[in-house]
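Visitor: Let me begin by handing over the structure; questions about it come next.
The values are calculated or read from the model by the stated rules, or taken from the named source; none is laboratory data. Only a predicted model underlies this, so the values are computations on that prediction, with no experimental measurement involved. Reconstructed Cβ throughout: ideal geometry from the backbone, glycine too, with neighbour counts over all protein chains shown.
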Amino acid sequence: MSTTQVQAGQVGANKKLQVEKRKLPLGVRENLIGYLFLLPWFLGLFTLTIGPMLGSLYLSFTRYDLLSAPQWIGLQNFIAMFSDIRFLDALRVTAIYVVLSVPLKLAVALLVALALNKGLRGLGIYRAVYYVPSLLGGSVAIAILWRQIFGQNGIVNQGLALLGIHGLSSWVADPNTSVYTLIILAAWQFGSPMLIFLAGLKQIPGEMYEAAGIDGAGPFSKFLQITLPLLTPIIFFNLVLQMIGAFQAFTPAFIVSSGSGGPYDSTLFYTLYIYQQGFGYFHMGYASAMAWVLLMIIALFTAVAFTSSRFWVFYQDER
Amino acid sequence: MDSTLGRRDFLKISAGALAGIGTLGVAGCGNEPAARNGKKALQFTFWGSTTRATRTDKAVQLYQQLYPHTTIGTQFTDFNSYWPKLATQISGGSAPDLIQMDMRFIDQYQKKALLLDLSRFIPQPISLPDFNQVLLKGSEAEGVVYGIPFGGNFLGILYDKNLLQKAGVEMPEQARDWTWDGFAEYTLHISKALGPGVYGTEDASANIWAIETFIRQRGKELYTSEGQRAFNRQDAFDWFAYWDKLRKSGACATPAVESESSSTIPALSTLAQRKAAINFSPSNLIQATQAATPHNVGLFLCPSTTGLSDNGTYLKASMLMSASATTQYPDEVAKFITFLFTNNGAIKALGIERGIPGSARAQALLKPSLKLSDTIQLNLVHLITATSRPKLVLDPPGAGEVSDLLTMIAQGLSFGKLTAAEAADTFVAQTDQALERVGV
Amino acid sequence: MRTYQVARPVVRWPKVLIHICLIVGAVLMMYPVVWMLSASFKPENAIFSDPGLLPKQFTFQNYVSGWTALATPLGFGTFFWNSFLVSVGAVIGNVISCSMAAYAFARLKLKFRPLWFAIMLGTVMLPYHAIVVPQYILFKSVGWINTFLPLIVPKFLATDAFFIFLMIQFMRSLPRELDEAAKMDGCGPIRLFWRVILPLTTPALVTTAIFTFIWTWSDFFSQLIFLNTLQIYTLPVALRTFLDSTGTSSYGGLFAMSILSLLPIFGFFLAFQRLLTEGISTTGMKG
């Protein structure tokens, strides 16, 4: 192919000529390129994702213990769910977790990202330090640490004793408060949405702030008129994905409760119960049914989020 | 600038990436020995810590020296990860040849015809003349041996000698009244004597083995041989009401203390933390518990309903050596199992890490390495073998779920969320549901 | 002549105050890590009984015993290397495939785009535990079990919809005028991707790289299921062997090796996070 000319006027014509030399019209060619870029995703989708997903959908109508072939039992798994007190416990605990941890985590992440975006000295260090908790992720060490911190003689109670509040017992080990320690754990690991917010903030062109400053805007109105609107795609992303992640949260509950979901099922996250049923008791069919119920719940909430996004998310690529 | 340059760069990167995946993928090829030129390759999977892994590798090396035409690859992980992984391997058709088994799962696996029938290899080549017959019989399923026990243990009580002395009570062996009622008074006395924060006993209401012992003392088992519930609501109620009483009187540890401790990790038990003088524990944990506390730890039998005549205790295989029914080398497998249990080198390599061996000869061989706590264990094992009613009903597949249900409900009771009556009703109803979920 | 009145904000947070808040926050972030660090230097039996942050007895024993605990030629280094291979592979895969897919969704003409988008998002909604068994059976049938392939190849096939969606959001934040200007200069869609869009979404690419590396480095469950032999175990699986509830656990070794395993991901993060600070100027258009 020959090198393209840079002269503006001629380019269009040259391009059109070249295109006409090829057999495909521009529209189809663009579509093809679109699908070309999607090719790896399609491959992955059809071999690694759709197949197993449909497999698990099938399993949800069966009784399957991994050790022998699945047996079709129709809707029995779905019916059994609603008289299973542990399933209802799991729904309740997960709902509390999602409703409380997602806004908290996002708020903290956004606040810290805004603070760090001010071009402070030591930005890199702060950013790294605030990300460290997320690095600990699902390590076994976290379980031990969290029990130490929120335990009867842990640092939290010691701190409260300094404020004059004595005689408290372990926060982790009390069914009334254990889920809240997990919510705090989630909020503590805000590093990921924070980084994403930071990246989003960095993408807002500095010139916009300068122009606004010349027009007499103060920092607060800069935030409201520039930062917030331009950040909405990222806020939306974080909201949706943190919500999906919170519904599917597994590791914090698994490691802090040593896989039991206790005490008294107070930390029995939904996916933890799926894991217990599927890999603990080998009721893979029942576990698959629960997984699909979760998917439908998540899909519902996500659809609501997307519908609402039309009213508050502002994309720059809109013509 | 040529647009083809952009595309070429892109293609170069893709090619490089593909080559990269290839190397990375191949670099990660595990050394699973494949059968080549007459060599036999077996896979041996087990759970345990690094200590066990080192010992097992030593035994495997010995075997390979003796029989160079066989290679045995080992795979291990921790107990909780072991079962999901094994089940996934089986579902994918790649069951390892040699499988370490646990009594709670053996019924499920043998019912699906996944375990090799070892009975036909006994007594040749697996010769076990001096093996503890009660132990062996207790691990059979429908009269067939599917696994050779590595050792036996039982549910007993571990007690803190120092704390008991401090409280001014006699040792459990000398106690006049070792019934549940007597136990309640005994532990109450200890709690009062030792002051706040230290209790006579832990709260064992969530311990499935303890409630099983309790129910066995009534002549029943937890489950029928058809895998149904064999205890009734009254049994459950009596159990929950008993521990409720102990909790309210202060004889057993509070829920706060219980939640801070672990019932599975000896170093974190209430006994090792010196918060309780007595723990209900599998007997083989005595060594690990002793190592975690400077006080002296003793081992004895659980309290019983009538006194010691039928105390419901039974000898259970701590873990077993089983084999896959689909192994390509059943004879080789049998040979290896024989080696593990009868070869002096293997016996010494494994030591008592998996349990005190069931064979008298092996016990004698390891005697010099036995500590005091092991000898106490051994003596009690002999006592139980001689006097107790063996348990001949295997745990059905739903047993794991029932155990978790008990824990959850007992916790609810201890935190005051349920009354004893509600706890009993819920436990019975949910147990039935759990057993029903399994079906055939 | 116009004079501009620059509005003076009434409240001005002094930078010192912000610094103080950030430092307090930093302490809260780091406390557990510091606790773990100090525990790794305590002798095994003192880990739980000595609650202070400064070890009463300082020892390197945990690092030594932890490193040599498992019978591998390089000691614990074997697991570091395995985790490194898998994580780097995953990063390369994700960055390439997810950016391509995102570009298609965000910028290119696609028939049925909303359908594919909904499906893409749908793949994130099913918990991994539900599909791991069918995936295992699939990988078993092509003989990929006990290799790194099940852990790396999916990344090259854009199975992490999280990052596709992330990049879509970033790409959609770029104004269309950029595309148009580039097209006027003769850029085809591919060159547009390579020379314009990709460089401008560097923060998203860097974020993808960082997250992929860290999440793969700490991913336990799939690595447990797909890897069998000790030699190819990755760090999370190897660390789990320090804690066996039926035998003796070695917390000292666990903490020591956990601290060591934090270093590479922290290092990776530090190395790449600088790329996040580069802002973007819309007037700069490479090409």
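Visitor: Residues that are more than 8 Å from chain C (Cβ to nearest Cβ), surrounded by 14 or more Cβ atoms within 10 Å (Cβ to Cβ) and modelled with pLDDT under 80: does the stretch A:22-29 have at least one?
Guide: Within the stretch A:22-29, one or more residues are more than 8 Å from chain C (Cβ to nearest Cβ), surrounded by 14 or more Cβ atoms within 10 Å (Cβ to Cβ) and modelled with pLDDT under 80.
Visitor: A follow-up question, please. What residue, among those in the stretch C:128-148 that are of a type outside the set (A, V, I, L, M) and part of a loop (DSSP other than H, G, I, E, B), is farthest from C:Thr208 (Cα to Cα)?
Guide: Looking at residues that are of a type outside the set (A, V, I, L, M) and part of a loop (DSSP other than H, G, I, E, B), I get C:Gly143.
Visitor: Just to be sure, is A:Val112 in contact (Cβ under 8 Å) with a residue 12 or more places away in the chain, under 27 Å from A:Gly245 (Cα atoms) and in a loop (DSSP other than H, G, I, E, B)?
Guide: No, not satisfied.
Visitor: Then there's this: Given the structure, is C:Val124 assigned to a helix (DSSP H, G or I) and in contact with a Lys or Arg (Cβ under 9 Å, 6 or more places away or on another chain)?
Guide: no
Visitor: Output the residues belonging to the stretch B:245-258 that are more than 27 Å from the chain's Cα centre (by Cα) and either closer than 20 Å to B:Glu422 by Cβ or not in a loop (DSSP other than H, G, I, E, B) (or both).
Guide: Hits for the stretch B:245-258 are B:Lys245, B:Leu246, B:Arg247, B:Lys248, B:Ser249.
Visitor: Report yes if B:Pro255 is buried (at least 21 other Cβ atoms within 10 Å of the Cβ), of a type outside the set (Ser, Thr, Tyr), under 30 Å from B:Tyr146 (Cβ atoms) and at pLDDT below 90, otherwise no.
Guide: It is false that B:Pro255 is buried (at least 21 other Cβ atoms within 10 Å of the Cβ), of a type outside the set (Ser, Thr, Tyr), under 30 Å from B:Tyr146 (Cβ atoms) and at pLDDT below 90.
Visitor: Next up: Within the stretch C:242-250, does at least one residue satisfy the condition of being in a helix (DSSP H, G or I) and either more than 9 Å from chain A (Cβ to nearest Cβ) or of a type in the set (Lys, Arg) (or both)?
Guide: No, the conditions are met nowhere in the stretch C:242-250.
Visitor: Look through B:Ile352, B:Ile409, B:Ile356, B:Ile347 and report the one residue that is buried (at least 16 other Cβ atoms within 10 Å of the Cβ), more than 14 Å from chain A (Cβ to nearest Cβ) and modelled with pLDDT of 85 or more.
Guide: Result of the check over B:Ile352, B:Ile409, B:Ile356, B:Ile347: B:Ile347.
Visitor: Take residues that are over 30 Å from C:Phe139 (Cα atoms) and not assigned by TED's automatic domain parsing to the domain that holds B:Ser359 and tell me which of the helices (runs of 4 or more DSSP H) falling wholly in the stretch B:90-195 contain 1 or more.
Guide: Result: B:161-167, B:180-194.
Visitor: Here are A:Ala253, A:Ala287: which of them is in contact with a Gly (Cβ under 7 Å, 6 or more places away or on another chain), buried (at least 20 other Cβ atoms within 10 Å of the Cβ) and within 9 Å of chain C (Cβ to nearest Cβ)?
Guide: A:Ala287
Visitor: Determine, yes or no, whether C:Lys140 is at the interface with another protein chain (Cβ under 7 Å from one of its Cβ atoms) and either under 30 Å from B:Pro96 (Cβ atoms) or charged (D, E, K, R) (or both).
Guide: So C:Lys140 fits the description; yes.
Visitor: Report every pair of residues separated by at least 6 positions or lying on different chains whose Cβ atoms are under 7 Å apart, first residue within the stretch C:56-76 and on the phi > 0 side of the Ramachandran plot, second of a type outside the set (A, V, I, L, M).
Guide: If the second residue must be of a type outside the set (A, V, I, L, M), the pairs left are C:Gly75/C:Trp67; C:Gly75/C:Thr68.
Residue-by-condition table, conditions (1) among the β-branched types (Val, Ile, Thr); (2) assigned to a loop (DSSP other than H, G, I, E, B); (3) out of contact with any strand residue (DSSP E or B) (no Cβ under 6 Å at 6 or more places or on another chain):
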position	(1), (2), (3)
C:Trp35	no, no, yes
C:Val64	yes, no, yes
C:Leu74	no, yes, yes
C:Trp81	no, no, yes
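Visitor: Let me ask something additional. Which one of these is more than 8 Å from chain C (Cβ to nearest Cβ) and within 24 Å of the chain's Cα centre (by Cα): A:Leu67, A:Leu75, A:Leu45, A:Leu91?
Guide: Exactly one residue qualifies, and that residue is A:Leu91.
Visitor: Could you check the stretch B:56-82 and list, in sequence order, the residues that are in a helix (DSSP H, G or I), more than 7 Å from chain C (Cβ to nearest Cβ) and surrounded by fewer than 19 Cβ atoms within 10 Å (Cβ to Cβ)?
Guide: Within the stretch B:56-82, B:Lys58, B:Gln61, B:Leu62, B:Gln64, B:Gln65, B:Leu66 meet the criteria.
Visitor: Suppose we filter A:Ala212, A:Ala217, A:Ala199 for residues that are outside any helix (DSSP H, G or I), of a type outside the set (Lys, Arg) and farther than 30 Å from A:Gly154 by Cβ; which single one remains?
Guide: A:Ala217
Visitor: Which condition number does B:Leu392 fail, the rest of (1) under 30 Å from B:Thr431 (Cβ atoms); (2) crowded, with 21+ Cβ neighbours inside 10 Å being met?
Guide: (2)
Visitor: Can I ask one more? I'm trying to understand the selection: among the residues of the stretch A:92-107, which are surrounded by fewer than 18 Cβ atoms within 10 Å (Cβ to Cβ) and touching a residue at least 60 places away in the same chain (Cβ under 8 Å)?
Guide: Matches in the stretch A:92-107: A:Ile96, A:Leu104.
Visitor: Restricting to the stretch C:155-184, give me the number of residues that are facing another protein chain (nearest Cβ under 7 Å) and touching a Gly at 6+ places or on another chain (Cβ under 6 Å).
Guide: The qualifying residues number 4.
Visitor: While we're looking at this one, here's another question. For the condition touching a strand residue (DSSP E or B) at 6+ places or on another chain (Cβ under 7 Å), in the same structural domain as B:Thr254 (by TED's automatic domain parsing) and not polar (S, T, N, Q), what is the one hit in B:Asp432, B:Asp404?
Guide: That would be B:Asp432, the only listed residue that is touching a strand residue (DSSP E or B) at 6+ places or on another chain (Cβ under 7 Å), in the same structural domain as B:Thr254 (by TED's automatic domain parsing) and not polar (S, T, N, Q).
Visitor: Would you check if there is a residue in the stretch B:377-388 being in contact with a helix residue (DSSP H, G or I) (Cβ under 9 Å, 6 or more places away or on another chain), at pLDDT below 85, under 30 Å from B:Leu246 (Cβ atoms) and surrounded by fewer than 21 Cβ atoms within 10 Å (Cβ to Cβ)?
Guide: Looking through the stretch B:377-388, at least one residue is in contact with a helix residue (DSSP H, G or I) (Cβ under 9 Å, 6 or more places away or on another chain), at pLDDT below 85, under 30 Å from B:Leu246 (Cβ atoms) and surrounded by fewer than 21 Cβ atoms within 10 Å (Cβ to Cβ).
Visitor: Here's something else I'd like to know. Might you check whether a residue that is buried (at least 24 other Cβ atoms within 10 Å of the Cβ) and either farther than 22 Å from A:Asp84 by Cα or more than 9 Å from chain C (Cβ to nearest Cβ) (or both) occurs anywhere in the stretch A:296-314?
Guide: Looking through the stretch A:296-314, none of the residues is buried (at least 24 other Cβ atoms within 10 Å of the Cβ) and either farther than 22 Å from A:Asp84 by Cα or more than 9 Å from chain C (Cβ to nearest Cβ) (or both).
Visitor: Looking only at the stretch B:197-211, count every residue that is surrounded by 23 or more Cβ atoms within 10 Å (Cβ to Cβ) and not in a loop (DSSP other than H, G, I, E, B) and tell me the total.
Guide: So the answer is 4.
Visitor: Here's another thing I want to ask about it. Tell me, which helices (runs of 4 or more DSSP H) wholly within the stretch A:238-319 include 3 or more residues that are hydrophobic (A, V, I, L, M, F, W, C) and over 19 Å from A:Leu59 (Cβ atoms)?
Guide: Helices (runs of 4 or more DSSP H) meeting the threshold: A:251-256, A:284-312.
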